[in-house]
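Below you'll find the structure, written out as structure tokens, and then a few comments.
The values are calculated or read from the model by the stated rules, or taken from the named source; none is laboratory data. Keep in mind that this is a model prediction, so the values were computed, not measured. Cβ sites come from the backbone with ideal geometry, for glycine too, and all protein chains shown count toward neighbours. With ligands, DNA and RNA removed, areas are computed over all heavy atoms of the protein, side chains included. Shrake-Rupley method; radii C 1.70, N 1.55, O 1.52, S 1.80 Å.
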Amino acid sequence: MPRLLLWPALLACVVFASWSVAVADDPKPATPDGETPKAEPAPPVAKTPEAQKKAAEKARIQKAVDKLRPLVSKIRDLPWKRPVEAAVMTRKELRAFMISELAKEATPEDWDRDTRILRRIGLLKPTEDLQQMVLAMYESAIAGFYNPETGKMVVIEGLDVEGQKPTIAHELIHALEDQHFDFEKIEKPYRESDPDRVFAIRCMMEGSAEYGRRRFQDLQPDVARHYYASMAKQTGGAAQQDMLRTTPAYILLTTQLHYQIGPNFVSHLFKKYGYRAGMQRLLDDPPTTQEQVLHPHKWLGAERDYPRKVTWGGDLAAALGKPWKTLDEHSVGELDLALFLDYFMGGRDGRLAARDMDFGTFLDDRSTIASRGWDAGRAQFIENDAKHIIFVQAFAFDTLEDSEEAARLLGEARRKVAGDSWKGGGWQRDDAASVPTMSFDFTNTYGRGRILKRGQELLILDGVPADSFDKAWAVFEKTTFPRHTADQGDTAADPFAGLELVDRRRGLGLKLPKGWTGSLGGRRPATFATVRKGEVTLTYTVIRREVSAAGLPQIAQMLLGRIFSAGQASASSVMGETGLQHPLPTPAHIHGVAHFACDLTRTYIVTVAGPKAQVAAAAEDIKRLMDGMPGPIAEERAAADPDLEGSAPPAGLRSIPGY
């Protein structure tokens, strides 16, 4: 995605919940811990009723912030250096603030550049306004934010302060880490040309704050229940629903997934080493690509997957001569590639469906599969004085099959963008060459183009004037993809190897005990699998709904309806996470129980049904089937790091969230 889409994300905290400004150096002088900084006294002014109301609300928020700071410090295992002042904004003030902040980060020329690029590559319609879509996304989702420039915690006027305590806890994690670390220094060098790395860094930052928020909710279950009830009201507003219908997924997900992917990524180290030590390990050795945070074993495992480096064959703009110049150039990560393909292949005009949000199946199957072999990616946009843009992409993939799948889908995407102006022949293959190749030439309204699959590499040149194509291609085809000296990613073990039931799209796999059979899918779209032995049946439903243990009764009530009774719920465990179980209406001789649990990313529902005698006889197998298998990180790092030692049980559910 063009790098401009990163700039508003610097301000975002929790999409559809809260908002945060990116951490930076804080020049404010320290004050004694426990005291709220006080402004210089001003001459008394008669307050209007609106001003009095706002002052009272600010006082309530300040009280909540001051009360929560000690608990947040304990959770994060870091001391406060100074307190955090609360402030209140109206929606009108929030909009003005957002416009001002966006203007600091991006000039009108920046917006114009990215708008033209997105329209050229087919991701933005002529009637759509990029800046207004970004503004609407944040405006409809913001409940509060922390501003490191002022050291203030800002909450939007009129929101339920009690229900927003988990959001305040998230922002206080940002505030606390802002006082100890310089995240701005970690991220800033990469904003101009490496959005792939910036996404990974933000997943680490927001993952920490989200992990802290969920720890807070576990410690405050009554507050958590209030929070989820408040969230249900916030996210149902007409403005937000309209935004979800009209905003492309490549804008929404490149921000939203910080808060879904991030907590899962950081938790692998936090759970083993503790919050403070685990985060310090990540700060000392941060992830570098979207691929690494989407698939944590590729960075945290013993066999690290470093991306290849895209080394351009030369200066394409110089080869074309005046008046051509490079308009933009940046990395393209695994998620970027998936979102680009999904826009054209998903059949939803690049938008998200409400069901996608719950089930976590955000993207088209083919787009997801084609992008998961990603090993490197960069894009260039070259422009002349007439605003004609040449679109250049270079990718490397893990296998020959991965590169071929991506080549075919990218070719299809090019055809859809070109519409009636598309002209192209079939693929030309040379499988006998020392490096197997596959290519085809095409023309469209922009000029000539070519897609070349060269082994695991993929080169795409699109929109070159016919009389300049050959000299441009002569430079471009010299592009190389040298490997990182420590890269072991192509040889990393398949995390789903040896599992009988696998849904790679959703990152779910199941190993069956001896004598059990099973099948993928079921009557509900969110059903992962159904397994059987005799008359005993287990059905697995997995949804990507953000919830904590305190929110599980609401999930159970939503799914079970009128049969749910809080008095009949009792403790249970799924995937090693503490949850609840609830009986199902069955005849006296039939066992029927629904088990609910959640981790940092997903909610798991496993129903167990069958004759009581058979269920009792299969109790050990059923326990294994409900347990979570150690992730590939534990298995791969066992030899390198005894602290992460673990071995897979003979059966169990494996969950590796992606997108």
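A compact table of results
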{"item": "Value of Rg/Rh across the stretch 517-602 [Cα atoms, Kirkwood radius]", "result": "0.95"}
{"item": "Under 16 Å from the Cα of residue 322 - lysines, other chains or at least 8 residues apart", "result": "387, 471"}
{"item": "For the stretch 144-196, alpha-carbon Rg relative to the globular expectation (2.2 N^0.38 Å, N residues)", "result": "1.41"}
{"item": "Shape call, the stretch 250-291: gyration tensor on alpha carbons, a/c limit 1.5", "result": "prolate"}
{"item": "Rounded percent of accessible protein surface that carbon and sulfur make up, the stretch 259-305, 1.4 Å probe", "result": "43 percent"}
{"item": "Over the stretch 57-141: Rg over Rh, Cα atoms, Kirkwood Rh", "result": "1.18"}
{"item": "Candidate lysines - alpha carbon under 19 Å from residue 298, same-chain residues fewer than 8 apart omitted", "result": "271, 272, 309"}
{"item": "Across 92/416; 104/125; 58/104, pairs whose alpha-carbon gap is larger than 32 Å", "result": "92/416"}
{"item": "Loop-resident sites, the stretch 298-392, for chymotrypsin sites (Phe, Trp or Tyr not before Pro), counting at most 11 other Cβ within 10 Å (DSSP)", "result": "none"}
{"item": "Shape call, the stretch 328-413: gyration tensor on alpha carbons, a/c limit 1.5", "result": "oblate"}
